[in-house]
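Structure first, commentary second.
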Number of protein chains: 2
Amino acid sequence: MSSPQPVLIGGQWRAARGSETFRASNPATREPLADLYPVSSWEDCDAALDAAQSAFEQLRELPGERLAEFLDSYAAGIEQRKAELVEVAHQETALPRAPRLADVELPRTTGQLRQAATAARDGSWRLAVVDAAAGLRTWFAPLGPVCVFGPNNFPFAFGSASGGDFAAAIAGGNPVIAKANSSHPGTTRLLAEIAAEAVAARGLPAATVQLLYRTGHADGERLVSDPRVGATGYTGSRSAGLKLKAAADAAGKPIYLELSSVNPVVILPGAIEERLDQLANEFTVSCLMGTGQFCTNPGLVVLLKGTASDRLVESVVERFRETPAGTLLSEGVERSLTAAVETLVRHGAELRTGDARRGAGFSHPNALLTVSGQRFLEQPEVMQTEAFGNASLWVIADNLDQARQILRHLEGNLTGCIYSHSAGDDDLAYDRLEPILRQRVGRLLNDKMPTGVAVSPAMNHGGPFPATGHPGFTAVGLPAAIRRFAMLHCYDNVRPHRLPPGLRDH
Amino acid sequence: MSSPQPVLIGGQWRAARGSETFRASNPATREPLADLYPVSSWEDCDAALDAAQSAFEQLRELPGERLAEFLDSYAAGIEQRKAELVEVAHQETALPRAPRLADVELPRTTGQLRQAATAARDGSWRLAVVDAAAGLRTWFAPLGPVCVFGPNNFPFAFGSASGGDFAAAIAGGNPVIAKANSSHPGTTRLLAEIAAEAVAARGLPAATVQLLYRTGHADGERLVSDPRVGATGYTGSRSAGLKLKAAADAAGKPIYLELSSVNPVVILPGAIEERLDQLANEFTVSCLMGTGQFCTNPGLVVLLKGTASDRLVESVVERFRETPAGTLLSEGVERSLTAAVETLVRHGAELRTGDARRGAGFSHPNALLTVSGQRFLEQPEVMQTEAFGNASLWVIADNLDQARQILRHLEGNLTGCIYSHSAGDDDLAYDRLEPILRQRVGRLLNDKMPTGVAVSPAMNHGGPFPATGHPGFTAVGLPAAIRRFAMLHCYDNVRPHRLPPGLRDH
């Protein structure tokens, strides 16, 4: 029996303290992979926190240029080991080597790291405000060690040691304690290795990047609420996230969560009359891409009753049947998706397609469900059960008033979209729906599926609870994402030579 | 028996639903005042929430100019009824009519309202980001009805229907449900009357400003976690605040709290050698002003052992004895302060002065306590018990290392200050203490007592938990304070004519 992989604490790869272990699986075969990973005890967390605290005291004093050099070096290191990374990630996630991993996600990841480097250099995230007459100067400053819990669906771009939260935390001068996602520990280990090399090469404190693979639930809650922690970034399931949130909230520790989202898409009749095939195709591609495993997957569609809507449903059903079901990321995803579809059916949704046999790997047939507006409104909460994966629930509203009621019952979501006739035939309906949808989503789209999340300063990848934990922050888009991991520092009557250089008079 | 004063719901002054009532007291005489106020049942909260939600749907669509006109009108209305306001507030708080209420706090309040009007007009709080090439536009937008729980110590400037939270919420396009502080309900009622007149005169939705006087604890928790609420601003005791925080957090509703702060002040030996009398005087004025009832009162002083420090203590003790004790705001403040001083003494602090007889009103003798650094470090939590009022604990550290340890054990505070020799004799000590203090406070001062909170865009009236609920927000200083009551709205591929005017291409 091989020994478990080492954790990275205080710059040292060493054996974890703790007796439990786990293995990831190859989703395409359902078989466990070879490497064994440790479940860390509190002793590891405690050591990582101590090391992170020391690292923070140095990091927060460094000029942004030093952080930027590390981020750039790390991005270059990832590119150098691209083939290896893509292979490991493919084994652990079954995501296609190309284009997905090699040509889309990896460049996105290095692009994010380099944007973070730019943000660290220019310091625009700090929003400095100087009132020289009053002797007051305020800006955002590093907050403290950041715990990052990455999701299963983006092993690179949202990875706990490489993704958006990681890049934002480091650019803001905070060390990261990465908790690997259990479905791709090997990918995270490899990324942490590359990061640790860049840390050493650039002379940053050794504990700038640390890695644990897994902890017990109680230790996870203790970690995010520890006095040595600055904040936590979490992307994952709602149930686990809410437990961490409760622990962090009770300790007054900021925690930024991305929990779940069904991403409502309203398709108005004029748009269907105008471009049915195009809509059916756009939706199918968006919903089944990556086997639907995106936080912005269009999981809920609202239509108005009528022959146009009927034809659109039929057209999508046909496409769902024709498209081979993809592989899911883990047995857990398969189980949750199966349970969610069953829940929807048990409460009255009709499974229009999705009862076919499964493949050899973790999978679920492409599932399209429909339900009447009335039925939805009788039980709006259960009808918003997130079916994470290749499934979508289409709600057929009797009329515009009922559609408005449906939108009024929506929980907070990352995105919301309205498709309408290009020449204005749906504009009256749009105007009655948009204000309701607008307050319930972070990003409002027109005539475009929500799955693309551009890395842009004008992006908002956030939204009202329970999509995230706070409606005023975004997880994607620099420099704004950095401000999650920052605190306001005001200097009042502080002697000029004692001010941080960026706040001095020029 | 007179009937209870009416509440303001949906633009109507009407009898509260609920059977309980209360009276405020005149702190100078300890006698109850004449007016009877109702404790609202949930029925009132529910009606206010419904009305606020409707008002919000209109408010959030209004141009900032309309909100600004209201804020300006309200400020003018306050000035017109200044004499009446000062008299009512004086009766309820015993704060001096002049200069405090008439010449300091009232102008500060109208100044804040007018700054909020300017911020509403210019929209700079929205931090618009446009990426035209990507079709993405993001800015901060109104969040929803805001509940404001105001504190006892600033009946105007932090009042729930007139203060900083109120002004920020309205400037951001959110209606306010004001919960009056029970120690000055009449002042709040009068302010809400003036506000309601300005609302009507300016044609804003009637429920833009609503007023309840008090609710049961359970209803308060239900209020801040209600789906119709956008966020809550709370300033008050830590125990009540933490209960509201737990309820709001569990519902995923933002809540901004200002809870408690001892505002550590480090006075280094060189500064004492240089200007002992000046320091003793500055401290005494700051600590006893307003009978010490400021959130930024210097409640904890750290000194280094030595004859200079001994002389400073003696000098302050003398001044404390010579200064007549002021009146406290309420029986509750008197009770808490007495209990806090007793707690500190019971745990080993020495009461150097403060055992004198009391006056006719709510009061406590000016209390100066000292404790050794070692004793402090044996029980740092209890030694940070906030003694809200005219009291301060002075910790005498054995040496610089022990002073560092003391700072390391500090909870989050609004402010932290270091006094040092003007020509640099204390600079080595400063450099070793400042990094520790910096991370534990929102505002760092040099050679200046923390009690003045300038209304400036560069102010940070915030700090790490438990001083506030989140270290990245300020309750004073526009436009930043508005962003507490905002959510990020992103527009992705939205047709140009459907964009808010402020996000369109110009």
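The values are calculated or read from the model by the stated rules, or taken from the named source; none is laboratory data. In this text, all values refer to a predicted model and were calculated from it rather than measured experimentally. Using ideal geometry, Cβ is built from the backbone for each residue, glycine included, and neighbour counts are taken over all protein chains shown.
Quick rundown of the values:
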read-out	value
Enumeration of residues in the stretch B:464-506 that are in a loop (DSSP other than H, G, I, E, B), over 30 Å from A:SER420 (Cβ atoms), facing chain A (nearest Cβ under 8 Å) and touching a residue at least 12 places away in the same chain (Cβ under 8 Å)	B:PRO464, B:PHE465, B:PRO466, B:GLY469, B:HIS470, B:PRO471, B:PHE473, B:THR474, B:GLY477
Members of the stretch B:354-386 found to be part of a strand (DSSP E or B), surrounded by 20 or more Cβ atoms within 10 Å (Cβ to Cβ) and of a type in the set (S, T, N, Q), listed by number	B:THR370
Contacts under 7 angstrom Cβ, first residue in the stretch A:132-145 being assigned by TED's automatic domain parsing to the domain that holds A:ARG495 and touching a residue at least 40 places away in the same chain (Cβ under 8 Å), partner assigned to a loop (DSSP other than H, G, I, E, B) and among the β-branched types (Val, Ile, Thr), 6 or more apart	A:GLY144/A:VAL229; A:PRO145/A:VAL229
Residue that is surrounded by fewer than 24 Cβ atoms within 10 Å (Cβ to Cβ), free of Cβ contacts under 8 Å to residues at least 40 places away in the same chain, assigned by TED's automatic domain parsing to the domain that holds A:PRO63 and of a type in the set (Gly, Ala, Ser), where the choices are A:ALA206, A:ALA250, A:ALA280, A:ALA198	A:ALA250
Residues being surrounded by fewer than 24 Cβ atoms within 10 Å (Cβ to Cβ) and within 7 Å of chain A (Cβ to nearest Cβ) - total across the stretch B:451-463	3
Positions within the stretch B:77-118 being of a type in the set (Gly, Ala, Ser), in contact (Cβ under 8 Å) with a residue 24 or more places away in the chain and assigned to a helix (DSSP H, G or I), in sequence order	B:GLY77, B:ALA89, B:GLY111, B:ALA116, B:ALA117
Considering residues of the stretch A:473-490 that are more than 14 Å from A:ALA231 (Cα to Cα) and of a type in the set (Val, Ile, Thr) only, the residue surrounded by the most Cβ atoms within 10 Å (Cβ to Cβ)	A:THR474
Residue check for B:ARG228: out of contact with any Ser or Thr (no Cβ under 7 Å at 6 or more places or on another chain), over 28 Å from A:SER260 (Cβ atoms) and surrounded by fewer than 24 Cβ atoms within 10 Å (Cβ to Cβ)	no
Residues that are surrounded by fewer than 24 Cβ atoms within 10 Å (Cβ to Cβ) and not in a loop (DSSP other than H, G, I, E, B), drawn from the stretch B:172-193	B:GLY186, B:ARG189, B:LEU190, B:GLU193
Candidates B:ASP35, B:ASP44, filtered to the one that is more than 12 Å from B:ASP219 (Cβ to Cβ) and either modelled with pLDDT of 95 or more or assigned to a loop (DSSP other than H, G, I, E, B) (or both)	B:ASP35
Hits in the stretch A:221-240 (condition: in contact (Cβ under 8 Å) with a residue 60 or more places away in the chain, assigned to a helix (DSSP H, G or I) and either in contact with a Phe, Trp or Tyr (Cβ under 7 Å, 6 or more places away or on another chain) or of a type outside the set (A, V, I, L, M) (or both))	A:ARG222, A:ARG238
Extreme residue, surrounded by the fewest Cβ atoms within 10 Å (Cβ to Cβ), among residues of the stretch A:430-450 that are more than 8 Å from chain B (Cβ to nearest Cβ) and among the hydrophobic types (A, V, I, L, M, F, W, C)	A:ILE436
Subset of the stretch B:206-238 that is out of contact with any Lys or Arg (no Cβ under 9 Å at 6 or more places or on another chain) and within 14 Å of another protein chain (Cβ to nearest Cβ) - its residue that is farthest from B:LEU337 (Cα to Cα)	B:ARG228
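Results for (1) surrounded by 15 or more Cβ atoms within 10 Å (Cβ to Cβ); (2) part of a loop (DSSP other than H, G, I, E, B); (3) touching a helix residue (DSSP H, G or I) at 6+ places or on another chain (Cβ under 7 Å); (4) at pLDDT below 95, shown as yes or no for each residue.
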| site | (1), (2), (3), (4) |
| --- | --- |
| B:VAL302 | yes, no, yes, no |
| B:ASP310 | no, no, no, no |
| B:GLU314 | no, no, no, no |
| B:VAL317 | yes, no, no, no |
| B:PRO324 | no, yes, no, yes |
| B:THR327 | yes, yes, yes, no |
